[in-house]
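Report on the following structure.
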Amino acid sequence: MFAALAVATGRVEQPCLLRHRHQEFLRFLKQVAKAYPRVKLHMVCDNYATHKHPAVKAWLARNPRITLHFTPTSGSWLNMAEIFFGIITRRAIRRGTFGSVRELVEAITAFINAWNDRCQPFVWTKDADTIIAKARRKPTSDTRRRAHPALSERSPNAVRPR
């Protein structure tokens, strides 16, 4: 799923698209651009190849008010839309039973509509120095560079809705 989360308000813009190719990502970018006209947009994305496709790059070159920023590998916890994906997964999808893709899309859409009716911005509950210190801390065992649990998008200690 592609989604844009307005950091200032917590509002989510999303189309439920059946595929996630560059064509769908371009549709999503156009939808977000239309929803937020005449303002500069900074979008945080993961390193999914679709986000870097030549057609996407060409569209962005023609639309310079939109800038994509990419999270580092294993840094999805920095992307508040990813945090939202964790919330929707836990609250609306994981325990659901869906007889069809249409039912799943309807459940996602209903959750997002309800979210947007009462949305609030996310608030970091840890200051930047604390988060960075934990990210740079040397491992005490052979953790194979796994992210610290406090930095996980699932962690209630890193960020929460207001």
Quick one: how many residues across segment 113-138 are surrounded by 12 or more Cβ atoms within 10 Å (Cβ to Cβ) and assigned to a strand (DSSP E or B)? 2
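Can you tell which of 67, 89 is part of a helix (DSSP H, G or I), closer than 30 Å to residue 131 by Cβ and either of a type in the set (Val, Ile, Thr) or in contact with a His (Cβ under 9 Å, 6 or more places away or on another chain) (or both)? Before you say what the answer is, go through the steps one by one.
On the way: 67 fails: part of a helix (DSSP H, G or I).
The match here is 89.
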Based on what the data block shows, is residue 56 more than 25 Å from residue 107 (Cα to Cα), among the aliphatic types (A, V, I, L, M), modelled with pLDDT of 80 or more and part of a loop (DSSP other than H, G, I, E, B)? no
For segment 92-107, which positions are part of a helix (DSSP H, G or I) and among the small types (Gly, Ala, Ser)? 92, 107
Among (1) in contact with a helix residue (DSSP H, G or I) (Cβ under 6 Å, 6 or more places away or on another chain); (2) modelled with pLDDT of 80 or more; (3) more than 24 Å from residue 9 (Cβ to Cβ), which single condition is residue 129 missing? (1)
For residues that are at pLDDT below 90 and polar (S, T, N, Q), scanning just segment 73-96, find the one that is surrounded by the fewest Cβ atoms within 10 Å (Cβ to Cβ). 73
Scanning segment 35-53 for residues that are in a helix (DSSP H, G or I) and closer than 17 Å to residue 23 by Cβ gives 49, 50, 51, 52
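Yes or no, residue by residue, for (1) farther than 27 Å from residue 103 by Cα; (2) in the same structural domain as residue 108 (by TED's automatic domain parsing); (3) touching a Lys or Arg at 6+ places or on another chain (Cβ under 6 Å):
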{"site": "18", "(1), (2), (3)": "no, yes, no"}
{"site": "25", "(1), (2), (3)": "no, yes, no"}
{"site": "40", "(1), (2), (3)": "yes, yes, yes"}
{"site": "57", "(1), (2), (3)": "yes, yes, no"}
Could you give me the residue pairs with C-beta distances under 9 Å whose first residue belongs to segment 98-120 and is closer than 13 Å to residue 10 by Cβ, whose second residue is surrounded by 11 or more Cβ atoms within 10 Å (Cβ to Cβ) and of a type in the set (Lys, Arg) wherever it lies, and which are 6+ apart or on separate chains? 115/11; 116/11; 119/11
Report, by residue number, each residue of segment 46-65 that is surrounded by fewer than 17 Cβ atoms within 10 Å (Cβ to Cβ) and under 30 Å from residue 114 (Cβ atoms). 46, 48
Residue satisfying all of: in segment 1-50; free of Cβ contacts under 8 Å to residues at least 40 places away in the same chain and of a type in the set (Lys, Arg); nearest to residue 72 (Cα to Cα) among these: 21
Residue satisfying all of: in segment 5-35; closer than 20 Å to residue 116 by Cβ and modelled with pLDDT under 80; nearest to the chain's Cα centre (by Cα) among these: 14
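The values are calculated or read from the model by the stated rules, or taken from the named source; none is laboratory data. Keep in mind it's a predicted model, so treat the numbers as computed, not measured. Backbone-built Cβ (ideal geometry, glycine too); neighbour counts: all protein chains shown.
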